[in-house]
Structure formats: C-alpha cells, structure tokens
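The next block holds one structure in the form of structure tokens; read it before the comments.
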Amino acid sequence: MQLWLIPIFPLAGFLINGLFGRRFSKALVSVFGIGSVALSFAWALKTLLALAPLNTAYSEHYFTWIQSGAFQVNWDFSVDRLTAVMLMVVTGIGSLIHIYSVGYMAHEHGPNHGGFYRFFAYLNLFMFFMLTLVLGANYLILFIGWEGVGLCSYLLIGFYFDKKFATDAGNKAFIVNRIGDFGFSLAMFLIFKTFGSLDFGTVFRQAPAASEAVLTTIGLLLLLGATGKSAQIPLYVWLPDAMAGPTPVSALIHAATMVTAGVYMCARSFPIFTHAPAAMDTIAIIGIATAFFAATIGMAQNDIKKVFAYSTVSQLGYMFVGVGCGAFSAGVYHLMTHAFFKALLFLGSGSVIHALSGEQDMRNMGGLRTKIPITFWTMMCAAVAIAGVPFTSGFFSKDAILFAANHHAPWMYWVGTLTAGITAFYVFRAMFMTFFGRYRGNAHPHESPALMTGPLIVLAILSLGGGFLFKIPEFLGSLFPTLEAPEDVMLMVISSAAGLLGILIAYVMYVVKPGTADSIAGSLGGLYKLVLNKYFVDEAYDATVVKPVVNGSRVVLWRGADAGLIDGTVNGIGTAARAVGGVLRQMQSGNIRSYATWVLFGSVLLIVAMSLSGGLR
Amino acid sequence: MAAIPISWFLTLSAVLFALGVAGFLFRRNIVTVFMSIELMLNAVNLTFITFSYHFKSVDGHLFAFFVMVVAAAEAAVGLAIILTVFKNRSTLNIDAIDSMKN
Amino acid sequence: MNVILFLIFAIIAVVCAINVVVQTHPISSAISLVGVMGSLAILYLLLGAEFIAAAQVIVYAGAVMVLFIFVIMLLNAGAEVKQGRSVVVHLLGVPLLIAFLGLVAYFVQRLFPRDVEVTFGGFTGGTAQAIGRALFTTYMLPFEITSILVLIAIVGAIVLARKEMD
Amino acid sequence: MDSFIVISLIKILVVFGVLMTTLAYLQWVERKVIAHIQVRPGPYRVGPHGLLQPLADVIKLITKEDLLPSYVNKPLYLAAPFISVSMALLSISVIPFGPTIEVAGYHTWMQLTDLNIGVVFILAASSMGVYGIALAGWASNNKYALLGGLRSSAQMISYELPMSIAIAAPLLLSNTLSLRELVGTQAGGMLHWNLLRGPFPQIISFIIFLIAAFAETNRVPFDLPEAENELVAGFHTEYSSMKFASFFMAEYANMITVSCMATLLFLGGWDAPWPAAYGSSFVPVIIFALAGLIALYHGVNAVRKRDKLTFPAFGVIFLIIAAIFVLPIVQQWLLPLFWFCAKTGVILFAFMWIRGTLPRFRYDQLMGFTWKFLFPVAMLNLLITGFLVAWFTK
C-alpha cells in the first residue's frame, strides 16, 4: 500500500521549501507547503479506504535499519485502527491549519526575512515526524518521530528568534521535554532488556508473561515520557510558554497533534499498561490532578492564548484520565474531538489577534462580536463543544471519560465534573471578555481573509458534529480491552449541568454585571493571587530545581570541584608529571624509531605479563 | 597430501610481523618505514585468515577485508603526507623529521 | 603437496620480507613487498580464502603498492642516507625483536599443537558469496563506517595534495 | 588424476600455440585494416597479401641486437617485459572458449581452468600488469621512459575503476563470478545476453567497459604512454629486440583478453545470437561460402597479375571451411567456437577501426574524462542496475 508515501510528501515539502524556499515567491511556498500535506492526507485517506475494515493491523517492512547482535530494528510502518484515527486527525487538521497559516502568516516576515518559507518548511517537517511517530511499528521509530516533533516544536516556538522570550520558551520546552525523553529512553532500554525487541507486535505478545513489577516500571517510565510531551504534572510548565510561537503552531503542535503524542503512546502501549494497574492508577491520578489544577489556573489568565494553553493542559489531563481508567478508546475519542475544538479555539484566537494586529490581552478586547462575526460564531461552536454542552462533540467524549472515571473511582468523576464546570467557566469568560461588552482597545478590528475563515468553518462543523459523525469508541472497540462502564443518564445530566452552570456564572460575571469578577477577585485576595500567578509553580521550580542546579554548579561544581579539586588535582598531577617527565624526557627523543622501540618493549612486556598471569594457557 | 600444522601459518605470520617491526625500527627512509607497516598489516591479515580457517567461520575474512580497506585509505593519506613532508623539507629521512622534539 | 606448496611460498614470503627490510633502495623494497603479498595471496588460497586472495592482489598489490611505487618514482627517492642518531634503537632493537619473536613463536607452538592441521579444501566458506552475505548483514554497520572512512581518506589526500600545489 | 594432468598439458599447448599465432597475425590484421582505412594496400610483399609478414617480423625481432643500456637498473629492466607478458598471458588461462568437447572418450571444457572467481582473477592479473610498464619506465633511467611509465600506470589505475564497476553491473544480472557460469546464465539467444537483458540492459556499461578497455590496453585514443611526438616511444624507449616485442605481445594479449571478457560478460560468450531452430547453425557456412565465392569472383576478374593465383586459392580454402561447418560431427564444438571467435573478432576489429579513426587525447582530458565522466556514469549505472535487480528479484 506504500505507506511510506504518507510521511514522505511532507518531507519532500520540507526539503523543497527548506532548500529553495528562499528564492520562491510566497505563493509558491504555500503551494508546496499545503500541497505536500494535502497529498499526504489524500494518500492516507486512499490507503485507509483501501484497507477498509482494518480489523487487524496492516504493516509494511522496508528495511532493517540497525542490526547489532540480538538487537534488530526494522524500518517498519504499520496501520491499525488507532493509527487510522491518528492519521486522519494529523493529516486532516494539519491540512486545515496549513491553509489557515497562509492567511495568518501573509504579513509575517519573521526575523532574517525568511520567515514565510522557514515557517512552512518547519511545519512540513513537523508533519513528517508526526506521521512517522504515528506510523512507526516499533518504539524506536516512534521515538524518532517523538524527538523529531520535539525538535520542530522547539524550532517553531522560537520562530521569532530575535525575541528573547521566544527563544527562552523554546529552550524551556526543549529542556523540560528532555526529562521526559530520558524516561522514555530508559523505558525503551528496559523493554529491550525484558522482551529482546522493540517491535510493538513482539513486545505486546510477550507482555502478559512479564512480571508485573517490570511492567509497572516500564509503564511509569513511559508515563514520564508522556508527561513531558503531553504537558502533564509535573512537566507541564513548558506548554503555556510555548505560546510564544505563531498561533497556527499553537493550534497544530501545542493543541491538536504533538501534545497528544503522549496519549497516543500510552494508548498504543495498552498491553503493557493493562498488566500494570499501579501505573494505570498513576496515569489517572496525574491526569485528574492536571486537569483540575490547570483549569483553575485558566480561570485567572488574561492572555487569550494562555487561557487556551492551560485549557489544553487541562484537557490533556482528561485524556490521561480516560487512558488511566482503562477507557483507552475514550481517551483517543477525546483526543480527536479536542483536536477539533481546541485547534478551532486557537485558530479563532489567532484570527482575533490577527484582527487586532497582534493584541493578545483580553482586557484590551471586547465587543468584537459584530466586527468579526465569522470568527465569533465559529469560536462559539468550539466553546460550546469544550464546555460539554449536550450533543456537541466535546459532550460525547468527555462523558465517555467521566463514565470510565466513575467506574474506576467515583471521586474522580466528581473532580472531573467540577473541572468541566470550571472549564466551561473560563472558556466562556474568555469568549465574553473578547466578544461581548464594548471594545476596550484602540486597534481597528477587521475580519480575516477567507483563507483563514474557511478552515475555521470546517472545524466548527467538526466541533459540533464530530461527536456523532465519528463514533470512535465503537470504531476502536475491537482494538482495546472492553471496559464495562454503564452509561448512566444521571451522571450525564450532572456533568452537562456543571458545564451549563459554568457558562451561566461566566455570563453573569462578565456580561450581566461586568464588575463582579474584580470584586470577587478582591474578596478572595490571596487565593486569587495564587491562581493568577499559576500557583507559583514556575517560581517554585525555579527555586527548587533551577536555582539549586545553577548555584550548585557554580559553587560546588565550578568553584569547589572544578577549580579546587579537579584543577588542584590536575595541577598537582601536572607538577608531578613535569617532575617525572624531566626524568622520562630522555625517552622522548622526538625520534619516531625510538618511540617504536618503546612500543615494542611494551608489547614484549605485555606478552610476558599475560603469560605470567596465566592468560596464555 | 600431508597436512600443515596450523601453528606454521601463525609462526610465519609472527616472522613476517617481526620483520615488519624490524623494518620500522632500522630503516630511515620514510617510504620504507611505511612499507614495513604494510608488511605488519599483511602479517596480521594472515593471522586472521588462519584463525578463520581454524574456527571454520568467515568472520576472519571480513576482518582481513576491513584491514585491507583501511590500509588502502591509510596508504592514500600517508603517501599524501609523505609528499607534503618532502615538499616542505626535501628529505625522506625519518630521523630528520623531529619538530615535535622541542 | 600441501606442505610443499606452503614451504615454497612461506620461504618466498620470508625471503621477500627480509629483502624489504635490507634493501637500501625503496623501489627494491616495494617490489619485494609485492612478492610478499603475492605469496601471501597463494597461502590465503591454501586456507580457503579465495576472495580475500583476489582482493589481496587487486587492492594491495594492484593499487596500494602501485601507489607506493608511484610516490617513490615521483620523489625520485634514492638509497637512504645513513645518519643514525637513535641510541635506543641500536641498544634495544635487536634484543627486543628476538624476545618478541621468541615469545610469540613459543606461545603459538604451545597453544596450537601439531594435530591442528590445514589441508587445501578444508574450509570452503571463503567464497565471494559468503563474504558478501556476511558483509551486508552482520557487518553492515562496520562496512558503512568503513566507506565513510575511505571517503574521508579521499578528501584528506586531495586536501594534502592541493596544499602542496600552492 | 593423470588424465587430468595430461589433458591440461595438451590444452595448455594448444591454447598457447593458437594464442601466439593469433598474436602475431593480429598485428598483420591490424596493419591491413589500418591500411585499408587509409586506402593503401598494407603489407603485401612477404607471401601472398603479406601473409608471411608476421613470420618475417618475428625473425627480425629475434635476430636484432639485444641492447642493454649501461645506466639501467638491470634486474628490474630485465624483469619488466617478463612481468608484462606473463601477466597478460595469465588471464587467458581462465577464459572459456566454448562448452565441453569430447575427444577420444574424454570430456573436457574448452578452457584451461575454471575459477569460481574468474572475473576477479582477470581483474587481479590485469592490475598486476601495471607493474611491467611502471617498472620498465623507471628502470630505463630515462626521463621519457619514466614519464611514459608514470602516465601509463596512472592511466591504468584510473581506468581500472570504471572498468571494474562496469563489470560489476552485468555480474549483478548473472549473479556469478565464474566465467563459465556467466555464459550459462546468458544462454538462449541475443535477448538473454547481458547487453540486452532485462531488467536493465547493460548497454551503458558495455560502452564504458569498451572505453576503459581501450585505455587499459594503452590503445588509441588513449595511447598517451607511447605518444611518439611527446615521449619518443614512452616506457619502451630503451627496449629493443625481443624485450621490445614482449611489450607488443603483452599489448595484443591484453587486447584479446578484454575482447574475450566483453564477449563473455555482455555478448553471451559462445552462444549463437538466435537459437539453432531458426537456422543460426548455417550462418558460418553461409559466411564462409560467400567469402569463398567472392574470392573466386575476384580471382577470375583479377586486377593484378598475382591475384589470378591467390584469390582462387583463398576461395577454395574458404569453401572447404564452409564445407567443414556442414559436417554434423564437428558442428557441436566448432559452432560455439565460431561464435566466440566471431564476437571477439568484431570487438578486436573495433579496436583497430578506432585506431584508424580517432585522434589522441590530451593527458588532462584523459584523466578528467575517466574521473569526472566515466566513473560517475558507471557508478550510476551500477546503482540503477542494482536497484532494478533487487526490485525484480524480490
């Protein structure tokens, strides 16, 4: 079926734009940028239709990549239903965002006056790595994609590399992800040691036979990797900063696709996790904690992209709850619907920012409903979806997760429902602050071009209808172990009510009586400050991890160990060596032949030593 | 069809190697010294091939093959260096090339 | 027959090797070295390494040694000048060599008793096919790395050669 | 065992005798061909149509004074022609001229010996041939000779690369290194020859092989080492008499070797271009009969006086040969031999034809041509071939 064609198109696009884009016109760059991804989407669609029922995984072997003793890694791609979902999400949303980007980046020059082609080259490279990640049939190829998307994320966050905050954010993302990758690498080593292979098929076939302790360790290490990539506690801190990149990047990489790689990886490794309940519990707890925690931070943010960034973290937490509760298909379901509505939210906010010529602070917005109606209505679709208003896509996926959570541990359900309410609140707070009331800024808002609104409309339809258009749990039912989570109408009603309540509170606080928010903030005082400052997590990390490392490096390692101990030792040795060298200097005649004699002397000595020690028996 | 003890091959290899070392030690012409190195490499190759026979496995041949490739690369670079040295110092005497001494 | 063949070519090899060392003129040394390589190639055939034997002739005798002769001709290197300065070599060289050879020969004789023997045709795994198969499966990575090494050598040689041009 | 040695000895004698005669007469053929290209009769005095010229040449070369210049490096000076000629002859020993023949109950191949690395053996022998020329140039202690020797060895080393790579491509199709099996894999007519065989016809590598072969044998347009107007006579300036003749023998033997190689590698060896069912076995008969008839016609309508005698004689000889080819007993081994010789002969003719046509390269053009053009093209051809072979044999 030539699966390799799917990722190769974006790679070709990357090479063409990256190598020659500087000389191309913007139109030509756009053609290659969009064309490659669209071709990839078309080919993926054709492949999947041809493989239609796809009850069992279909894989293709290309070549043996590494062979070293028992260690063998093949360059294999495989497609099963999970991959099919991911392929469609990645290429479909990727295509839409590429189209959007042409409009969004039209006025961008970026530093180094090569911004436009550079942007599309990176974006295409990202698509290539993401598709490799999704298609790879073993952990190492997945890891290549994993690292590759990390690289592209770094490049794109730091896209405006002439601004310090952007490069800092890029570095932060890269370094924080390293911690996760460290866990992932360790997990791979352990997998290879345990199963003797990195191949998904081989590993999963043997997984039930392995001991639970080993599987739990592997699971936890994989989870460490996933928390890094998918921005979960404790490694979520990079994602909000990652908003320094252009908005389409935030939509594609930091909302729809890359950050969900962790969820995908956990879902992919379900045979390991299902045999490691402790790891599953950890996933669920981390997920629910992240979901709640990030949602509360989201309530107090004023930067429109930051709100959605924390919302992403929170929603990713939801997905992990689903995965951790054993409802893998629900997690993937939410992954897909989230990709729709969160991409839409980001693209919409990008459209708002575009309309206001770069303004991101919601306090300087307001009343944009009439000025940019298409953006408003499409974003509204996404907002109701994320708030879990009944029969939107978010409603289905969120409820699927919450059922599983209730089945797993009722308290998780309640926290989840509370989070859903908070989510609805802050999303609508953002909506109301942006689109309602009167305009507080001083730019001249204008509606975005059709290139940008087109993708918005498509995504709006998907956000509203994605829930019943794509019944992911049924589609993936055969793949994952089934979970008997009874559908309880009561639970459904409660969670929907929480969402609606959140919307209502937001409406009251920001539309009916616009002053309430400030007075409540004032009365809560310390708590509000805590939330506004994101619980001082960055500061805490700075104080507990970064500072000690830096200071420790400076004082202990540099002054103490390096200057004192090592330099001292080295100098001491140097002095000693010079003294000895003074004697041995006679040997260093500068004459090659006498050196050779010494080498011969040494080898004779070695043979004698070996025979004396019994090595030559 | 009498058979040859395998130690004969190894001894021959040792003799050739020792002759290579001798060439390295006692010759002053840099080209000859270089040829002595090739002689040593050849002696080692003979050992590889002999062991390959001994263990009835093709791996020794592969090692010999790699030695040859590396020797070819080494000869190309080494001779280029010799040419450069000769160009700069107009001597091939290895004892005269001792700038590292000071 | 085996023994005779071995003895003939072993003696040729040793004589040529001695000639490499004692000849004062580099070109005579080079020709002697070709002789060593040729007789080694025949010994390889005896050991069942037909491909390596051919490669030995093509690569070593056909390419590397031609290069040597080339350089000798280019430099028009005459017989070497005697101006020995190394005391160490003169004092230690011969005794060390004898010790080295003696030790190695002794251990070889002790470790490989006479009953481990070589006959022509005793090992037939050295065909081009077998080597190719091993080279492109087990030794794939070393092979690739070697090719990079050769590339580096080519570039290095060209750079060195260019430098002396200007 | 004994019969093996006896048969081998007989074969060696036969091959050696035939080869030596061929070498001598190749010289005659070449002179004739060149002469006719230049519209002159060529050797004509010794024997009918100069047919005894080679004999006269041999006598002349043997009886000439054997000079030993005083400043030469004696051992190498003497060894060089010997190395040249022995390496050239060595290659012939593995070349098969035809399938098995049966003589007095003994089956044997028309080949001295078959190596399963025959192709590599020939490459090895030809790479050793460089020494003869390089040492001749150096040992002569003459700057023209030295320059010729250097040029020639550089040229031979350089052209060996595209040649080996060009050889590798058909080997990929045939999947063997044994020359005998090589022919076996090409059996069944012209379309199975490596030259025209799928998945990738080796026309490019055939051309590269031929070009490299011209350079390897130091033939026009690559005869820089012997460029008379620059280097007097190149590496054999100081040689005379039989030693000089040795170099010529080596050159012609090399020509024969590479022609045979081209025949074996690309042209299907001794296989007929189309199956005997379609009448390929009558081709030699027709050719010789036609040649005989033409000779007879010219004998009858003779232009010169002596032609009245010689042409009818030739005509009769040709007709007799044609008649021999009709005999079924000899057909089974004579036909393959005919095809092999015919193919080799065509390539040898191309050697002479090109010598009569093309001018000489300049030295930098020569080196640039191989490194910048032939080598990359050969490499590309090998890559494509390898890829297609892997693709189609999967």
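The values are calculated or read from the model by the stated rules, or taken from the named source; none is laboratory data. Since the model is a prediction, treat every value here as computed from it, not as a measurement. So basically every Cβ, Gly included, is an ideal-geometry build from the backbone, and we count neighbours across all protein chains shown.
For the stretch D:344-353, does any single residue satisfy the condition of being touching a Phe, Trp or Tyr at 6+ places or on another chain (Cβ under 8 Å) and over 19 Å from D:Phe266 (Cβ atoms)?
Looking for residues that are touching a Phe, Trp or Tyr at 6+ places or on another chain (Cβ under 8 Å) and over 19 Å from D:Phe266 (Cβ atoms), one finds none in the stretch D:344-353, hence no.
Considering only the stretch D:151-180, state which residues are of a type in the set (A, V, I, L, M), free of Cβ contacts under 8 Å to residues at least 60 places away in the same chain and outside any helix (DSSP H, G or I).
Within the stretch D:151-180, none qualify.
Could you pull out every one of the helices (runs of 4 or more DSSP H) wholly within the stretch D:1-114 that has 2 or more residues that are β-branched (Val, Ile, Thr), surrounded by 18 or more Cβ atoms within 10 Å (Cβ to Cβ) and out of contact with any Pro (no Cβ under 8 Å at 6 or more places or on another chain)?
Fully inside the stretch D:1-114 and qualifying: D:2-37, D:74-92.
For the stretch D:181-200, check the following and say yes or no: at least one residue is part of a helix (DSSP H, G or I), buried (at least 22 other Cβ atoms within 10 Å of the Cβ) and in contact with a helix residue (DSSP H, G or I) (Cβ under 8 Å, 6 or more places away or on another chain).
yes
Return the pair list, or none, for Cβ contacts closer than 6 Å from residues in the stretch C:36-62 that are more than 8 Å from chain D (Cβ to nearest Cβ) to residues that are not in a helix (DSSP H, G or I), at least 6 apart or on different chains.
C:Leu46/C:Phe120; C:Gly48/C:Phe123; C:Gly48/C:Thr124; C:Gly48/C:Gly126; C:Ala49/C:Gly126
Can you tell me which residue within the stretch D:47-100, out of those that are within 25 Å of the chain's Cα centre (by Cα) and of a type in the set (D, E, K, R), is farthest from D:Thr22 (Cα to Cα)?
D:Lys60
Do any helices (runs of 4 or more DSSP H) entirely within the stretch A:1-113 hold 2 or more residues that are hydrophobic (A, V, I, L, M, F, W, C), more than 22 Å from A:Gly136 (Cα to Cα) and in contact with a helix residue (DSSP H, G or I) (Cβ under 6 Å, 6 or more places away or on another chain), and if so, which?
A:26-50, A:81-104
Any residue at all in the stretch D:306-323 that is of a type in the set (Ser, Thr, Tyr) and not assigned by TED's automatic domain parsing to the domain that holds D:Arg219?
yes
Given B:Val77, B:Val58, which one is at the interface with another protein chain (Cβ under 8 Å from one of its Cβ atoms), touching a Gly at 6+ places or on another chain (Cβ under 9 Å) and over 25 Å from C:Val34 (Cβ atoms)?
Answer to the check: B:Val58.
Quick check on the stretch D:34-46. Is at least one of its residues charged (D, E, K, R), out of contact with any His (no Cβ under 9 Å at 6 or more places or on another chain) and not assigned by TED's automatic domain parsing to the domain that holds D:Ser126?
Within the stretch D:34-46, one or more residues are charged (D, E, K, R), out of contact with any His (no Cβ under 9 Å at 6 or more places or on another chain) and not assigned by TED's automatic domain parsing to the domain that holds D:Ser126.
Among the residues that make up the stretch C:14-29, is at least one of them closer than 23 Å to C:Ala134 by Cα and away from chain D (no Cβ under 14 Å)?
Looking for residues that are closer than 23 Å to C:Ala134 by Cα and away from chain D (no Cβ under 14 Å), one finds none in the stretch C:14-29, hence no.
Suppose we filter C:Phe107, C:Phe123 for residues that are at the interface with another protein chain (Cβ under 7 Å from one of its Cβ atoms), surrounded by 13 or more Cβ atoms within 10 Å (Cβ to Cβ) and modelled with pLDDT under 80; which single one remains?
Matching residue, one of C:Phe107, C:Phe123: C:Phe123.
Could you list, in sequence order, the residues of the stretch A:442-489 that are outside any helix (DSSP H, G or I) and either crowded, with 20+ Cβ neighbours inside 10 Å or hydrophobic (A, V, I, L, M, F, W, C) (or both)?
Selection gives A:Ala443, A:Ser448, A:Phe470, A:Leu476, A:Leu479, A:Phe480, A:Leu483, A:Ala485.
When you scan the stretch A:273-363 for helices (runs of 4 or more DSSP H) that lie fully inside it, which ones turn up with 1 or more residues that are closer than 20 Å to A:Gly477 by Cβ and β-branched (Val, Ile, Thr)?
In the stretch A:273-363, A:304-324, A:328-355 are the helices (runs of 4 or more DSSP H) which contain 1 or more residues that are closer than 20 Å to A:Gly477 by Cβ and β-branched (Val, Ile, Thr).
A:Asp162 versus (1) surrounded by fewer than 18 Cβ atoms within 10 Å (Cβ to Cβ); (2) in contact (Cβ under 8 Å) with a residue 60 or more places away in the chain; (3) part of a loop (DSSP other than H, G, I, E, B); (4) not aromatic (Phe, Trp, Tyr): which is the lone unmet condition?
(2)
Within the group D:Pro359, D:Pro336, D:Pro328, which residue is exposed (fewer than 15 other Cβ atoms within 10 Å of the Cβ) and within 22 Å of the chain's Cα centre (by Cα)?
The unique qualifying residue is D:Pro359.
Quick check: is even one residue across the stretch D:229-240 modelled with pLDDT under 80 and of a type in the set (Asp, Glu)?
Yes; the residues of the stretch D:229-240 include at least one that is modelled with pLDDT under 80 and of a type in the set (Asp, Glu).
Just one of B:Val21, B:Val33, B:Val44 is assigned to a helix (DSSP H, G or I), surrounded by fewer than 19 Cβ atoms within 10 Å (Cβ to Cβ) and either within 14 Å of chain A (Cβ to nearest Cβ) or of a type in the set (S, T, N, Q) (or both); which is it?
B:Val44
So which residues in the stretch D:177-207 are farther than 28 Å from D:Ser281 by Cα and among the β-branched types (Val, Ile, Thr)?
Selection gives D:Ile204, D:Ile207.
If the requirement is being within 30 Å of A:Ser357 (Cβ to Cβ) and not β-branched (Val, Ile, Thr), which of these qualifies: A:Tyr100, A:Tyr62, A:Tyr58?
Going through A:Tyr100, A:Tyr62, A:Tyr58 in turn, just one is within 30 Å of A:Ser357 (Cβ to Cβ) and not β-branched (Val, Ile, Thr): A:Tyr100.
Identify, please: which residue in the stretch D:340-394 is of a type in the set (Gly, Ala, Ser) and modelled with pLDDT of 85 or more and is, among those, nearest to D:Gly189 (Cα to Cα)?
D:Ala342
Please determine whether any residue of the stretch A:388-409 is touching a helix residue (DSSP H, G or I) at 6+ places or on another chain (Cβ under 9 Å) and closer than 16 Å to A:Tyr310 by Cα.
No, the stretch A:388-409 contains no residue that is touching a helix residue (DSSP H, G or I) at 6+ places or on another chain (Cβ under 9 Å) and closer than 16 Å to A:Tyr310 by Cα.
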